[in-house]
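This is the structure I have questions about; it appears just below.
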């Protein structure tokens, strides 16, 4: 197990339950559980909610995406500096629902560093996890295709699925941390992901669409 | 000339001058000139600034882009309902710096209507202006390639450039309004664009990067 | 019914059954049935098969896609002039599996005209069908979402689905022909599509994956 | 210097000089010089020219791009198996003019291996070169931004530009070969690129747009 406590990142996506005033219910639950447990919980709300959430909560706020651009004429794009100015301190990059070219992932990681944002590059298999590590982000978040939408928990899946990706990342750049990005639904999953070498987890609907997000969050942090 | 007063839309893009606290200088100038002149001025700030700007100003706030999605799992995308919840009342779609597929423009126009957002579909020539009109947005904003970055003003250009696009739009759907989206830098340009059939103008750097945006804005509204 | 005989277009896609030597089985069946029936059958093989197919058959050969580019530095793109030089006489544009931006559809239609290629712009609903007609292609091929993969035949579906799209196209540009691009599996479907205003049909797996393509093709042309 | 002779790859792009019958002038020059010199010269013509070129020349023929797809319903895409069936034995992937998502580069490399095609993944800087190496292609072709369109030759540029990329590739996967993809115009450039650790070069307009491609090719192979 790593010395640092694992981190829990909550991707709000664009669900009906997770924008505007409804996003605050989730953020409040996250703040309560983070303070109770001492575990870091990062929230990734939609772009329009970054400013109000950064002002209302002490939780770290990450964007769901940035573009690999510099300030200029880029209508409709996400500028790292503007994300930072709104209060975010990090960003997801290349989420499976917002894939970027390799050149743009590299440019987005560079843009984030320039704007003092932490970076979480999302990947889909062992090979791309190693590739992402070569770009030196803070985190690589792995969504093994065997686990996405499979209902299979990290806690019961073939351990090699996670171990291979952790090894691919660490063999390219041992300073890059790894998040388990699929197969996480309970505290047992979080514990197992950490045992297999992850430095935290990235999850979404399990918390965001929960009737009571605080109950789910308390379970997630219960075994670490 | 149309019975309604023409509208001035300011696209903030992602310039260093136009996000975070610097965006407020432009918005304040716009609000002052709008109130002085009685001319409607719409501001299109970056996504993170929609919420604070909608709260601080009486000006209509439009997004620079939305995606043609419904609420769901769309990490890093722009949901019409979330744009509306943050306080915007309209959106640009298919700007030349954020082109969409035809199917996605159609879906974005539908998403905007569902979320009660006004729509401005941007186009690049006579044929695509007619095509955009078939999707029944509120506005088509035309950037004739002969005028973009040419330094040529609408006031001095071949009048057919604007007239042909206005005719292409109106012949497909006469209820769709037209904005002149290039070649606008002064009050004379605005006056001429309106004479040629436009219902307003869409401009960016001329205001956003101006040393004193209020001076430029006062000139823009001076002849209408 | 139109005075011209309706056309049957076969999209080979990238199935195992439809590239290389296996593509010749389909093309031979199409040539046989075209000659027997006097009905025009167009084949749309993969790019690598355009040259050999154009040389071996008298059938019109269309590409499945072109890019809206001029000759130049566009590695990996499809140049209209190169498609023409290989022997094709037309092209699909904006197929549902290869969507383009509105600006690129417009540029691709222009590139095709420059290279003397006929154009078939594919669309997904009534609004986009009208929009495509504004670009003045030779054909708009409509795939109503109600019919794609539904198993519902044009012959039994609500006739308004086809009629509305035909009307949307003709009201924008009456010279643009319409193809029914979904819900076609038999001669009765072709007959009904033509009665509802189509000038032909575009279909794929029904022919391409058939055990005996000639049997399917003979049925398709049997009632026109 | 590596034990194997360096390879010269010629990207035909989509120039007026490089499709259809004009492509044969370049291919004939390449075949002549390859046979005279014993140096391997690979040609990368447009998709429609892969079949005729593979049949007419003994030179290896590579595609300019493939998609990361399996056989199926992918209209307008490039299937690795169809490229192989047409006679090609390799492919460029992720050229700077045809960028792919990281996930698609990974899928395209896998598709190429499945179809027995050699793979050349193109990259734009040191970080992405390391990332590409993690996907285990046969080659990484590096186009350092400092050299593209700069008129600066590899022979005179800061040697670290090439060395850093070679090191980034080899440190991730020492079995991946490196091509210098920019700054190559003469035999001296090729010699220097090889001295700096490259296993060959990838170039385009210098050969393709030359008045006499054989003269340029003879110079390119003259010092190796």
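Taking neighbour counts of Cβ atoms within 10 Å as a proxy for exposure, in what order, fewest first, do B:56, D:95 appear?
Least crowded to most crowded, the residues run B:56, D:95.
Quote the FRET efficiency, to the nearest 0.05, computed for residue D:114 versus residue B:32 with a Förster distance R0 of 51 Å and r equal to the Cβ-Cβ distance.
Working: r = 64 Å, r/R0 = 1.26.
Working from the Cβ atoms, E equals 0.20.
Summing -39500 (n - 2.57) over the DSSP H runs of n ≥ 4 in chain A and dividing by its residue number, what mean residue ellipticity at 222 nm do you reach, to the nearest 500 deg cm²/dmol?
Only helices count here, giving -11500 deg cm²/dmol.
If you take each beta carbon of peptide B:129-140 and count the beta carbons of other chains within 10 angstrom, what is the mean? Mind dumping the intermediate values first?
Working: counts 2, 8, 13, 3, 4, 13, 6, 2, 0, 0, 0, 0.
That works out to 4 on average.
Right, here's the next one. Note down the Stokes-Einstein diffusion coefficient of the stretch D:8-86 in µm²/s, whole number, using a Kirkwood radius over alpha carbon pairs, 37 °C, and 0.692 mPa s.
249
Can you pull the three principal axis extents for the Cα set of the stretch B:26-135, in Å, largest first?
40, 36, 22
Return the average number of partner chain Cβ atoms within 10 angstrom of each residue Cβ along peptide C:64-70.
Mean partner-chain Cβ count within 10 Å for C:64-70: 2.
Over all directions, average the projected area of the Cα convex hull of the stretch B:93-198 and note it in nm². Provide the component values of the computation, followed by the final result.
Numbers: hull surface 25.2 nm².
Computing the convex hull of the Cα atoms and averaging its projections yields 6.3 nm².
When you look at the Cβ of every residue in C:82-94, what mean number of other chain Cβ atoms sits within 10 Å?
4
Counting residues in the stretch A:134-181 as N, plug N into 2.2 N^0.38 Å and put the Cα Rg over that result.
On the way: Rg = 11.2 Å, N = 48, 2.2 N^0.38 = 9.6 Å.
So the Cα radius of gyration is 1.17 times the expected 2.2 N^0.38 Å.
Can you give me the C-alpha center-to-center distance between the stretch B:103-126 and the stretch D:1-53, rounded to a whole angstrom?
Each part reduced to its Cα centre gives a spacing of 46 Å.
Taking the square root of 5 times each eigenvalue of the Cα gyration tensor, what semi-axes in Å does the equivalent ellipsoid of the stretch B:58-119 have, largest first?
17, 14, 10
What is the ratio of the Cα radius of gyration of the protein assembly as shown to 2.2 N^0.38 Å, with N the residue count, to two decimals?
Compared with the compact-globule rule of thumb, the protein assembly as shown sits at 0.98.
If all Cα-Cα distances of the stretch B:169-224 are sorted into 10 Å bins from 0 onward, what percent lands in each bin, rounded to whole numbers?
Here the calculated profile for the stretch B:169-224 is 24, 49, 21, 6, 0.
Now for a separate question. The stretch C:156-196 to the stretch A:196-224: how many Å between their Cα centroids?
Here the two parts' Cα centres lie 51 Å apart.
Let me ask another. Would you calculate the separation in nanometres between label points at residue C:215 and residue D:171, each defined as 7 Å from the Cα along the Cα-to-beta-carbon direction?
It works out to 6.3 nm between the two label points.
Now, a different point. Using only the Cα atoms, work out Rg/Rh for the stretch D:154-201, with Rh taken as the Kirkwood radius, to two decimals.
Over the Cα atoms of the stretch D:154-201, Rg/Rh equals 0.95.
Assuming R0 = 25 Å, can you tell me the calculated FRET efficiency for the pair residue D:40 and residue D:152, based on Cβ-Cβ distance, to the nearest 0.05?
Working from the Cβ atoms, E equals 0.40.
Relative contact order for the stretch C:100-224: what is it in percent, counting Cα pairs under 8 Å that are at least 6 residues apart?
Values: 199 pairs, mean separation 26.7, N = 125.
Worked out over the stretch C:100-224, it gives 21 percent.
Nm distances between the label at residue A:56 and the same-position labels in the remaining copies, 7 Å along Cα→Cβ, shortest first?
So the label point of residue A:56 gives 1.9, 6.6, 6.8 nm to the other copies.
Please list the radius of gyration and Dmax for the stretch D:103-156, considering alpha-carbon atoms only, with Å as the unit.
Looking at the stretch D:103-156, its Cα Rg and Dmax stand at 13.1, 40 Å.
Take every Cα-Cα pair in the stretch D:7-220 and report what % of them are more than 31 Å apart.
Here the long-distance tail beyond 31 Å is 14 percent of all Cα pairs in the stretch D:7-220.
No value in this document is a laboratory result; all are computed from the given coordinates. None of the values given here were measured: they were computed from a predicted structure. Glycine gets a Cβ as well: all are built from the backbone with ideal geometry, and neighbour counts include every protein chain shown.
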